[in-house]
Amino acid sequence: MKKIFALGLGTLFGFLLSRSGATTYDFHAEMFLLENFQLVYVIGAAVVTASIGIWILKQFQVNSVADSAPIDFAKKPDKPGLLFGAVLFGIGWAMTASCPGSVPAMLGEGKISAIFVIIGILIGTFVYGRAQDMAIPAKTDNPTQ
C-alpha cells in the first residue's frame, strides 16, 4: 500500500511539474538568462508552501506516513564542500536546462534528452560517493590507528 501511495504522490508531483512549466527546457534557459521568471515564481511558491507545511508538521508533531516514526527536523551541519557543490549543481542545472527533480517528469513526457541528464546524475552521484570514500578514511576496529 505504501508503494502505491508513493507512486501516486510521485505521479501527482510530476504532473504538477509538467503543468507549471518546470519540464520545459526553454523556461529553464530563459530563467538563467533572466528573460522569463515563471520558474522563479514556481520555485518561490514551492518554498513558501513547503515552509508552511513544515511549520504545520512541527506544530502537530506529525509522524511519518511510511513508518509512523516521528519526523526529525534537526538541522544538518554545514560541510566544507557545500558551497562548491551548490555551484556545481547550479552549473549542471544551467547547462542541461533541467533540474534533477524534474528530469523523471521530462522523461515521462517523452523528452529523450532527459536520458542523458539521468546518466549524468548517476555518474555524478557515483563520483561523489567515490570521492567521499577517499576523503573519509575507513574506520578500523583498532582504536590506536
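The values are calculated or read from the model by the stated rules, or taken from the named source; none is laboratory data. None of these values were measured; they are calculated from a predicted model. Methodologically, a virtual Cβ is constructed for each residue, glycine included, from the backbone with ideal geometry; neighbour enumeration extends over all protein chains shown.
The table below gives the values:
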quantity	calculated
Unique match (being at pLDDT 85 or above, under 30 Å from residue 4 (Cβ atoms) and surrounded by 14 or more Cβ atoms within 10 Å (Cβ to Cβ)) among 48, 42	42
Residue selected from region 1-42 under the condition without any contact (Cβ under 8 Å) to a residue 12 or more places away in the chain and outside any helix (DSSP H, G or I), by the criterion farthest from residue 94 (Cα to Cα)	1
Candidates 111, 58, 79 - the one that is more than 16 Å from the chain's Cα centre (by Cα), part of a loop (DSSP other than H, G, I, E, B) and surrounded by 10 or more Cβ atoms within 10 Å (Cβ to Cβ)	111
Region 69-90 residues that are in contact (Cβ under 8 Å) with a residue 12 or more places away in the chain and more than 22 Å from residue 40 (Cα to Cα), paired with ones that are among the small types (Gly, Ala, Ser) and not in a helix (DSSP H, G or I) (beta carbon under 9 Å, 6 or more apart)	71/64
